[in-house]
Amino acid sequence: MCTGTDKRGLIDKLHRERCLDAREFAELLTDFTDEDAQYLFSKSRAVADSFFGKRIYTRGLIEFTNHCKNNCFYCGIRRGNTAAERYRLGKDEILECCAGGYELGFRTFVLQGGEDPWYSDDMLVDIISSIRRSYPDCAITLSIGERTYEQYKKYREAGADRYLLRHETANREHYYRLHPGEMSYENRRRCLYDLKKLGYQVGAGFMVGSPWQTVDNIVEDLLFIKELEPEMVGIGPFIPHHDTPFASFPAGEAQMTLFLIGILRLMLPNALIPATTALGTVHPRGRELGILAGANVVMPNLSPVGVRKKYSLYDNKICTGEEAAECRHCLQSRMKGIGYELVVDRGDFVKEAVQEPVKKAVKEAVQ
Ligand code: SAM
């Protein structure tokens, strides 16, 4: 087993080389102490600060449908959950969410939902292009699951810039313990590569502490992410939902999630990494700690309050009762409390070579 000092050596190596081999990652992730974590966070936070300063990007999340044709074992809006109260937002309601969000300073809208074929491609193209026309200065992010190359192409041509599609787990066997056999591990990966080919800024990611997840599975996740080189990485703890087959599994740990955020920041220094709502659900200061571990994005909810509770992926989800303005205000003061500020900015991924002058400007502003 690795001693504390060895773990520091591994963290230093990761900081220097931006990757470790599978054995080293496994050692780092096994039995780390709070002191090891603090050591990692001191590095990962400094790396994030050197790229982004004290600026935290916000994304306005619009959860526009909780209908889903899939039956993922972990998810509260899975097809098989007959207790879920279903809803859909129409184009006008989605545009109203964007209008409210724009007023509040959001310059990225994330349209997220279950995989809901009720929205035809023509409808989606119409929604995306209407947002694009009304808000030419905003980024449009989609998170609507697995589609064909041609569908992704249509959405891209209509004006979508980014796509969030967590790979969920990079281990094939583990994938089929989390998903029914009718779903496909290969297809999910194919989607991510297609999205990259089409020029989307792509977000991959996984749940921490999902049932049967091993340290080796997490190592495979990290190595897959290194290979894919996504512009965004979303990770959050698995949290059980009472009406799913995984109701009795324990939630993932905040500390492991934070440790992985720190590792990801050292692996992908300029990536966009959110401090997720799920992290804020398992720990009252989860999002603040996420930022201090190296995250640089928060995603407050812009969905109408009337539907918030229905987008119930897991139990006890936070921020389901407040108006968008309250959410933004709350997050603003949470970030202020740790010395960071929410910015009015699209918050695009910027390649490192281009980022250098920005880093220099941030450094000069701090001095
Ligand atoms: N349908 C789209 C997709 O498949 O990417 C987007 C919606 S899906 C509900 C968004 C993410 O929620 C999933 O990628 C999954 O990682 C996360 N999620 C679902 N159930 C969860 C749970 N019980 N705990 C934590 N995260 C969960």
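Taking the criterion of being near the ligand (Cβ under 10 Å from one of its atoms) and among the aromatic types (Phe, Trp, Tyr), would at least one residue in region 150-167 satisfy it?
The answer is yes; a qualifying residue exists.
Among helices (runs of 4 or more DSSP H) lying entirely in region 257-367, which contain 1 or more residues that are at pLDDT below 95? Working first, answer last.
On the way: elements: 277-282, 286-293, 305-308, 324-337, 352-366.
Passing ranges, in order: 305-308, 324-337, 352-366.
Starting from residues that are under 20 Å from the mean Cα position of the chain (by Cα), of a type in the set (D, E, K, R) and within 12 Å of the ligand (Cβ to nearest atom), keep the ones in region 48-106 and report whichever is nearest to Arg177 (Cα to Cα).
Of everything passing the filter in region 48-106, Arg78 is nearest to Arg177 (Cα to Cα).
Considering region 240-268 alone, what residues qualify as being over 20 Å from Ile291 (Cα atoms) and of a type outside the set (Ser, Thr, Tyr)?
Pro240, His241, His242, Asp243, Pro245, Phe246, Ala247, Phe249, Pro250, Ala251
Any residue at all in region 73-82 that's part of a helix (DSSP H, G or I) and more than 27 Å from Arg328 (Cα to Cα)?
So far as region 73-82 goes, no, none of its residues is part of a helix (DSSP H, G or I) and more than 27 Å from Arg328 (Cα to Cα).
Of the residues Pro240, Pro180, Pro250, which is farther than 26 Å from Arg55 by Cα, within 11 Å of the ligand (Cβ to nearest atom) and not in a helix (DSSP H, G or I)?
Working: Pro180 fails: within 11 Å of the ligand (Cβ to nearest atom); Pro250 fails: within 11 Å of the ligand (Cβ to nearest atom).
Unique residue meeting the criteria: Pro240.
I need a count of the residues in region 123-151 that are part of a helix (DSSP H, G or I) and surrounded by 15 or more Cβ atoms within 10 Å (Cβ to Cβ).
Of all residues in region 123-151, those part of a helix (DSSP H, G or I) come to 123-134, 149-151.
Then drop every residue that is not surrounded by 15 or more Cβ atoms within 10 Å (Cβ to Cβ), which leaves 124-125, 127-132, 151.
Matching residues across region 123-151 total 9.
Can you find even one residue in region 228-235 that is in contact (Cβ under 8 Å) with a residue 40 or more places away in the chain and assigned to a loop (DSSP other than H, G, I, E, B)?
Looking for residues that are in contact (Cβ under 8 Å) with a residue 40 or more places away in the chain and assigned to a loop (DSSP other than H, G, I, E, B), one finds at least one in region 228-235, hence yes.
Looking at (1) surrounded by fewer than 16 Cβ atoms within 10 Å (Cβ to Cβ); (2) touching a helix residue (DSSP H, G or I) at 6+ places or on another chain (Cβ under 8 Å); (3) under 25 Å from Glu186 (Cα atoms), which is the one condition that is false for Ser120?
(2)
For residues in region 195-204 being surrounded by 21 or more Cβ atoms within 10 Å (Cβ to Cβ) and in contact (Cβ under 8 Å) with a residue 40 or more places away in the chain, which is nearest to the ligand (Cβ to nearest atom)?
Gly203
The values are calculated or read from the model by the stated rules, or taken from the named source; none is laboratory data. Fair warning: this is a prediction, and the values are worked out from it, not measured in the lab. Reconstructed Cβ throughout: ideal geometry from the backbone, glycine too, with neighbour counts over all protein chains shown.
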